[in-house]
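Read through the structure below, which is laid out as structure tokens, and then see the notes.
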Amino acid sequence: MAVPPAHAAPEPHSYGYDPDARTVRGSSSLLGAHKLANGTPYRSTLSGSEPVYFRVALDATSHTYVSVVGVPGPGTGAERTPTDSLRVSLLDADGHRCDRQGAGFAIGSAQPLAASTSRMIASAEDAAEAKCQQAGTYYVAVSRYRQRAGSAPWGLDLRVDAEPPLKKSRADDPAARFPRPLVPDGTPAAVQGGAGFAVAARVRGGAAAGEIVPGQSRFYRVPVDWGQRLTVAAELAGQKKGPYVTNALSLTVYNPARMKVAGSSASYHGEPASARMDPLPAVAYENRTNRERKTAAMRFPGWYFVQVTASPELAPTWGRTPLRLTVRLGVEGAARTRPVYAGDPGIFQVPGAQPPAQPGKRPAAAATADGEGRKMLAIGSGTAGVLLLAVAAGRVLRARRRTA
């Protein structure tokens, strides 16, 4: 599914929701929970420390991911509260927890927080001990953990996305081998980051140059296919000298389901600073069983997102003047053979990617063209034969007349 073009965010704390997002209200109980449909964007609000609930319908074959982005507004008091965080839980019909994930402020500022909870279908050998495998009604609980900033509401950006099962079990491919990762070092194109996941700016040519205001988050996206590896870096240009600000620039990578992959940060005191991500694994279906979170998150292709946040601690010295920001996103390697899903993979695919041709089998278009060519050849041959017979008959008739 393609992501709409990015829109500039003039206010540092404004967040870019999907223009097609439906507004829903979270329920204080399971009974009144509003249903969230697969593949549909939603927006809601979260007030106080009590959880709000939403309802989802899951089948018994698809892996399902529920992503929630918490958006603290200006003046919520959360700007200086690193212990305040977002929690998202998936519950079965009886209220038993299937999975729970959380996200906290990386640098103690009120940037958007993204957390994704999931229901994974277990393999045949693990099915007996797995929970939440049945088809039916499930619930999503969203809450703020250790809230100390009052009851000012947060905005919520919600999505539910299902990953269909494979048509047949997939044999592990040999791991893709790469040399030391190279971050793109070319001249960046002028691209302003988007204000949210749904309006994230696509980085073309490997690097984007724009601006960021203290306390602001910018979002970028890049398509990564099976077997490819992503490299990420962000640079803050030099300004006048000032005090040393720890974690002045934070960098976070998310996969297509908005699951956090990894993060990094850089300090700043007026001289150029760079935040670089440690090498990320190549995208592979088998990664999902890895115990390391960073590797497990690189489990499917599609749009990968990068969130860059400038700390509000920069404001006392550098004010509201925009700082020059360069984001470098590199995609290494050629796309490898794709697993064959039993249904539409939805967001878990690179937009416009075509399935690889089967060995010894030509594309349908070519086969059709060849077939039409053979048909025309046959017709042409038949027509030529008729013409030759007609010419021969004419010659015989003329010879008989002369003889007579």
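Bear in mind that the values in this text are calculations on the coordinates, not laboratory data. Everything numeric here is computed off the predicted structure, so don't read it as measured data. Note: ideal-geometry Cβ built from the backbone for every residue, glycine included; neighbour counts use all protein chains shown.
Some values worked out for this structure:
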read-out: In nm, spacing of pseudo-spin labels at Ser49 and Lys131 (7 Å Cα→C-beta vector); value: 2.5
read-out: Rule-of-thumb Rg ratio for segment 183-224 [Cα; 2.2 N^0.38 Å; N residues]; value: 1.15
read-out: Estimated FRET transfer efficiency when R0 is 51 angstrom, pair Ser267-Ser29 (beta carbons, to 0.05); value: 0.65
read-out: Taking segment 187-233 and dividing mean pair separation by its residue count, relative contact order in percent (alpha carbons under 8 Å, at least six apart); value: 39
read-out: Scaled radius of gyration (Cα, divided by 2.2 N^0.38 Å) that segment 241-314 gives; value: 1.32
read-out: Estimated FRET transfer efficiency (Thr317, Ala189; beta-carbon r; R0 35 Å; 0.05); value: 0.75
read-out: Highest-first arrangement of 211-220, 314-323, 255-264, where packing means the average Cβ count within 10 Å; value: 211-220, 255-264, 314-323
read-out: At R0 = 22 Å, FRET efficiency that the Cβ-Cβ distance of Leu166 and Thr40 yields, to 0.05; value: 0.35
